[in-house]
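Report on one structure; see the data block that follows.
Coordinate-derived values only; no laboratory data. Keep in mind that what you see is a predicted model, and the values were worked out from it rather than measured. In this analysis, Cβ positions are derived from the backbone assuming ideal geometry, glycine residues included, and neighbour counts consider all displayed protein chains.
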Amino acid sequence: MTRSPHPFADLLFAVQIVCALLFAVTQIRQMLQTTQGVSLTWFVFWAVFLGLNLLLAIKAHQVQPSRVTRQAVVTYALWSAVLAASLAVLVWRTLGAWYPVDTLNLAISGLGIAGVLGVGKARGLGLADPMVRGWLAVFFKATPQLTLAWHITQVGGAGLAAFPVIAGHLTICIRLGQLYYSIKEAGWDRNRLASAVSEVANELSWLLTTVVWLVI
């Protein structure tokens, strides 16, 4: 039987939805003016990160269905749609331009991804394992944000709108809050632990990117 979550969880969900929609409007509008500091691989890897976390959220919901886990699934699905729209605009505006940061990101993230897959294989764990997916999510999100910070120091960050930068922190913390309520309801499992690892790395790397964006 589905148990009712704390009312605060519903509030977190509502704020998450509003932030996702406002992110789409403000970031797309900004990229229609300039794409300075925004890179192709950042968006592509971010989309993959969301896809991996969407799978983790779906699996967690299947293990112990609840209103909170259902909200987590909707959250990641909406953000995936928002990223797809933003990526489409970026490709249209830049004709898929490839910058040095994209090469750097591909190299560093690629090594990390290969390392995760290698360690997973050595331990008999495949892509179906939640922790493998969780660590892959780290290299699909945290690493690209760190290389994006370097990119901003080279070319500037005018292509990033102010609201998406702020909303990034707000929505990550909200997803961590949703995860907290999910864990409070059903306890720890490998899906929830993997989600926690990926989102904490996400916040720490975005914090560094934000500092660089503010300074530059």
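Rounded, prolate or oblate: which fits the range 7-215, taking a ≥ b ≥ c as square roots of the Cα gyration tensor eigenvalues, rounded meaning a/c under 1.5, else prolate when a/b beats b/c?
Because a/c hits 1.5 or more and a/b fails to exceed b/c, the range 7-215 counts as oblate.
Normalising by the residue count of the range 13-121, find the relative contact order in percent from Cα pairs under 8 Å and 6+ residues apart.
40
Helix 190-215 sits at what angle to the longest principal axis of the chain, using alpha carbons and giving 0 to 90 degrees rounded to 10?
Helix 190-215 sits roughly 30 degrees off the main axis of the chain.
As a footprinting exposure proxy, order LEU146, LEU117 by other Cβ within 10 Å, with the fewest listed first.
Working: LEU146 20, LEU117 16.
Lowest to highest Cβ neighbour count: LEU117, LEU146.
Extent of the range 1-129 along each principal axis, from alpha carbon coordinates, in Å, largest to smallest?
Computed over the range 1-129, the largest-to-smallest principal extents equal 51, 43, 18 Å.
Quote to one decimal, in nm, the extra length available between VAL119 and LEU214 on full extension: 0.36 nm per residue of separation minus the C-alpha distance between them.
30.5 nm
Taking Cα pairs under 8 Å and at least six residues apart, what relative contact order does the chain come out at, in percent?
So the answer I get is 34 percent.
In a shell of Cβ-Cβ distance under 14 Å around PRO130, excluding PRO130 itself, what net charge do Lys and Arg (+1) and Asp and Glu (-1) give?
Value of the local net charge: +2.
Suppose every Lys and Arg Cβ carries +1 and every Asp and Glu Cβ carries -1, with no other charges. What dipole size does the range 1-140 come out with about its Cα centre, to the nearest 20 debye?
Numbers: 9 positive and 3 negative charges, 56 e Å.
Its charge dipole is roughly 280 debye.
Putting +1 on Lys and Arg Cβ atoms and -1 on Asp and Glu Cβ atoms, find which of ALA85, PRO7, ALA57 reaches farthest to the positive end of the dipole of the range 7-215.
Of the listed residues, the answer is ALA57.
Rounded, prolate or oblate for the range 115-216? Axes are the square roots of the Cα gyration tensor eigenvalues, ordered a ≥ b ≥ c, and the cut-off for rounded is a/c under 1.5.
oblate
Between PHE8 and TRP92, what is the label-point separation in nm under the 7 Å Cα-to-beta-carbon projection?
4.1
How far is the Cα center of the range 151-198 from the Cα center of the range 20-70, in Å?
10
I'd like to know which of VAL119, GLN154, TRP206 lies farthest towards the positive end of the charge dipole of the range 7-215, counting +1 on Cβ of Lys and Arg and -1 on Cβ of Asp and Glu.
Positive-end residue among those listed: VAL119.
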